[in-house]
Amino acid sequence: MPFNKKLAVTSLLLIMSLVLAACGDATNTSAPAAATTAAGSATTAAGSATTAAAGATTAAGGTATTAAAGGPKVELTMSIWAGVDEAKEFQAILDKVNASATTYHVTVQASPQDYMTKLQTGLASGTAADIFWVDVDNLSGLASKGSLLDLTDMVKNDKTHPAANLDDYFQGALDAGTYKSKLYGLPWISQPLVLYVNLDMFKAAGVNPPTNDWTWDDFLKAAQKLTVDTSGKTADDAAFNPKQIKQWGFTSNSADWPPTTMYIWQAGGKTISDDFKTSPIDSPEAVKGEQWYADLVNKYHVTPTATQVKDQGFDTMFTNGKVAMFVGGAADSLETRDGMKGQAQAFLVPKGPAGNRLTQAYIAFDAINAKSKNPQAAYTALADITDAIQKWKVPVPRKSLSTKEAIQKAQPKRPAASIDTIVAALPDAKAAPVYPGYAQWADIWNTQFIDPLFRGTDTAENLAKKVRPQLEATLPK
Amino acid sequence: MVGDPIGDYLPTLIRFVVLAVVVLGVSVGVHYVLRNVFHLKRDIAIGFSLITPWILGFLIFNLIPIVSTFVLSFTDYNLQQTPNFIGTQNYETLIGSDINFWPSIRLTVLYSVISVPISVTLSLLLSLVLSRNLKGIGVYRVLYYLPSIVPAVAVVLLWRWIFNPDVGLLNLILSPILNLTNTPSPDWFGDEKFVLPAFIIMSLWTALGNNTVIMLGARKGVAGDLYEAASIDGANSWTKFLRITIPMMTPAIFFLVVVEFASAMQLFTPAAFARATPAAGRFMNLLIYTYGFQQSRMGYATALAVILFLLILAATIVLFRSQARWVYYEGQER
């Protein structure tokens with residue numbers, strides 16, 4: 001067939017008309033969506049008017065509100081980092097929140113792996129969820145880049161949600177959610193670290209359980225008695241063979257868990273100064289904490305090697321009865337975990353040489369995407385969800401919910417003694433010093449300091465002197 | 001909530017159809033312009049219009065990202081905010097003061113320079129064995145190729161177990177020698193001395209299958225009459241191997257060296273999942289990921305990506321320049 005000019009022009013026109021038709025179709029398709037959004041906004045406006053009633057109803061008993069919204073609900077999305085089981089529990093909570101909501105409906109997506117990478121790329125491409133979980137390490141970074149919605153005024157004007165009553169929060173948790181005097185996240189957990197102990201293993205080794213007066217030395221003595229080689233010798237025995245260990249007294253891993261910061265604080269040192277100008281990790285106090293931690297691994301051999309921990313899972317090694325003591329988050333509930341061999345209980349971590357037992361608090365927040373198309377509906381959802389999560393997770397950094405009764409109600413299966421420990425540990429939980437760009441500091445800390453320290457390639461004193469300038473180069477100028 | 005599958009998918013379907021129609025429209029438009037504006041021959045115009053979709057794909061998915069990478073490497077792009085132009089600051093910081101930069105280059109280049117020749121040599125030798133007409137040779141060929149179709153992450157997890165210092169297979173096999181010489185068991189991924197050998201051993205296992213198939217094809221392509229002629233001239237097996245087999249297979253060897261080197265320099269999956277000690281340095285691609293996605297320093301990460309690109313480009317140019325000395329193409333006069 002000859003391909004002439006007329007045919008080409010006709011084909012082109014035909015194709016362009018098809019394209020226009022298709023685009024027109026797409027436009028038509030999006031028109032109702034736009035209308036829906038407009039209606040949604042109107043609903044949101046109405047919603048904010050009815051929020052008070054809805055919120056009051058929820059607070060009163062969580063029954064479905066009868067307030068008519070007068071339009072379709074705004075569709076919102078939420079991202080969380082929960083694993084399979086935790087996500088199921090969260091979904092059940094969200095289902096109740098959605099059932100009560102009149103102005104919105106939230107769909108959740110859980111991404112336990114690479115959560116922050118996914119969130120950041122989602123924010124960059126404009127596809128991130130309206131509401132998401134963010135932890136203390138990342139909140140200020142996201143806020144400094146304008147990715148989070150400023151919640152200050154919304155929270156101030158909200159008189160209905162208990163989660164919006166800022167007077168009820170511990171100041172430290174609120175400070176961690178604040179960047180340049182603006183509030184960007186409502187905290188739903190602020191957990192101190194506690195010492196999980198396998199009481200059966202203690203009993204078998206003839207070691208008394210920890211007391212509230214335990215010091216580092218007491219802890220070390222117990223850990224040595226509980227570390228046993230294949231011939232039955234314990235780590236405090238001269239004939240002990242550190243190459244053939246079958247049971248360990250304690251466990252840590254090379255990815256900075258439990259956080260070395262905790263031991264530095266307990267020895268009276270700091271990782272980052274309060275004004276964020278220096279990283280005094282080479283002060284005598286800091287070095288004492290760092291070296292103590294490294295010695296547990298390389299000198300006293302009371303914890304498995306980094307590779308063993310990586311391959312076998314460090315909390316799993318505790319629940320399997322291979323490790324007698326484990327520092328974990330208060331909410332980890334290792335005592336009631338499936339497959340826990342022996343009776344476990346949470347105790348306070350031992351006191352350091354500076355006389356304190358400070359631990360690094362893990363704080364997580366609900367935050368809103370600054371580019372959310374429905375910020376008002378997203379706020380209502382965030383406040384409702386935060387209210388609900390705060391009855392699920394422990395410990396919540398709210399004074400009214402940090403009581404023994406409230407925690408026991410949230411986690412009824414846990415031993416009462418563990419709940420007492422959690423309540424007692426709360427005052428000593430402190431947020432890590434975090435600033436925008438902290439990820440760069442943390443990377444140098446982990447790769448240049450913690451990794452060689454735990455592998456025993458150099459002393460804490462030498463490494464600290466070498467790494468301090470590198471860390472300080474990343475601090476805010 | 002279970003959505004409406006048809007309703008949810010409809011906008012995507014419409015976009016898909018519109019895209020296809022637009023691409024077709026552009027193809028026809030290209031034909032029209034070439035014929036009527038540039039007055040090219042019909043065959044040429046049809047040829048260009050037919051490759052238009054691929055050119056469009058290359059522009060959108062390759063060229064624009066490549067150019068963007070170069071441009072972003074001169075900015076402070078942090079994934080969230082509008083990038084600001086900062087000149088050559090990223091490059092200066094990388095080369096001048098980044099503690100991870102030189103160890104990363106060292107590890108990546110050493111890995112590539114050592115693993116590629118070993119892998120290509122082994123696959124050449126293996127292809128000679130597998131090219132023989134033995135009974136059940138097909139089974140062996142399949143067995144050697146199998147590792148290539150195992151997902152990379154599964155391979156790494158498997159090797160993490162093999163390399164485990166306490167219960168791993170490799171140290172178990174090595175234990176008689178280690179005990180005899182009173183040497184401690186190597187902590188393959190935990191000790192910086194063993195990280196590079198561990199990655200090289202792991203890479204051989206997967207690369208060997210693919211490379212051997214290509215080598216086998218090349219070996220089978222060597223004409224039998226060359227060997228016959230050589231036999232008549234009194235050449236022994238070793239001479240035939242050196243004077244016929246190797247020269248005739250050099251195009252395949254050259255291809256593998258170029259492709260494998262570029263791929264080795266860009267190693268990512270094993271590096272990300274092996275969780276080796278960072279004391280040995282981090283592979284360049286992993287460092288790019290760390291800077292770009294974990295620290296949100298995308299401008300800085302793209303500068304490192306540009307350096308990686310330049311290293312691969314330089315190596316490829318050197319290899320291409322060298323082929324006149326050692327690669328023999330059939331029909332070529334020497």
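The values are calculated or read from the model by the stated rules, or taken from the named source; none is laboratory data. Remember, it's a predicted structure, so these values are computed and weren't measured experimentally. No Cβ is skipped: glycine too gets one built from the backbone with ideal geometry, and neighbour counts run over all protein chains shown.
Here is how the numbers come out for the structure above:
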quantity	calculated
Residue match in region A:96-115 (condition: within 17 Å of the chain's Cα centre (by Cα), over 21 Å from residue A:371 (Cβ atoms), part of a helix (DSSP H, G or I) and not β-branched (Val, Ile, Thr))	no
Condition broken by residue A:371, with the remaining ones in (1) under 21 Å from the mean Cα position of the chain (by Cα); (2) surrounded by fewer than 24 Cβ atoms within 10 Å (Cβ to Cβ) satisfied	(1)
Only one of A:469, A:452 that is outside any loop (DSSP other than H, G, I, E, B) and within 14 Å of residue B:99 (Cα to Cα)	A:469
Residues of region B:150-181 satisfying the condition of being assigned to a loop (DSSP other than H, G, I, E, B), more than 12 Å from every other protein chain (Cβ to nearest Cβ) and of a type outside the set (S, T, N, Q)	B:150, B:151
Condition check for residue B:59: modelled with pLDDT under 95, within 30 Å of residue B:87 (Cα to Cα) and more than 9 Å from chain A (Cβ to nearest Cβ)	yes
Among residues of region B:156-177, those that are in contact (Cβ under 8 Å) with a residue 40 or more places away in the chain and under 13 Å from residue B:198 (Cβ atoms), counted	3
Check on residue A:450, buried (at least 20 other Cβ atoms within 10 Å of the Cβ), within 11 Å of chain B (Cβ to nearest Cβ) and closer than 30 Å to residue A:290 by Cα	yes
Residue A:203, sole failed condition from (1) out of contact with any helix residue (DSSP H, G or I) (no Cβ under 7 Å at 6 or more places or on another chain); (2) assigned to a loop (DSSP other than H, G, I, E, B)	(2)
Residue within region B:257-270 that is in contact with a Ser or Thr (Cβ under 7 Å, 6 or more places away or on another chain), within 14 Å of chain A (Cβ to nearest Cβ), surrounded by 15 or more Cβ atoms within 10 Å (Cβ to Cβ) and assigned to a helix (DSSP H, G or I) present	no
Matching residues in region A:116-140 - criterion: being farther than 15 Å from residue A:373 by Cβ, free of Cβ contacts under 8 Å to residues at least 12 places away in the same chain and either β-branched (Val, Ile, Thr) or assigned to a strand (DSSP E or B) (or both)	A:117, A:121
Hey, residue A:443 within 14 Å of chain B (Cβ to nearest Cβ), not hydrophobic (A, V, I, L, M, F, W, C) and not in a helix (DSSP H, G or I) or not	no
Qualifying residue in region B:220-229 (condition: in contact (Cβ under 8 Å) with a residue 24 or more places away in the chain and part of a helix (DSSP H, G or I))	yes
Which numbered condition residue A:143 fails, given (1) assigned to a helix (DSSP H, G or I); (2) within 14 Å of chain B (Cβ to nearest Cβ); (3) surrounded by 21 or more Cβ atoms within 10 Å (Cβ to Cβ); (4) in contact with a helix residue (DSSP H, G or I) (Cβ under 9 Å, 6 or more places away or on another chain)	(4)
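Results for (1) β-branched (Val, Ile, Thr); (2) surrounded by 19 or more Cβ atoms within 10 Å (Cβ to Cβ); (3) modelled with pLDDT under 90; (4) under 17 Å from residue B:267 (Cβ atoms), shown as yes or no for each residue.
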site	(1), (2), (3), (4)
B:159	no, yes, no, yes
B:165	no, yes, yes, no
B:169	no, no, no, no
B:172	no, no, no, no
B:195	yes, yes, no, yes
B:211	no, yes, no, yes
B:217	no, no, no, no
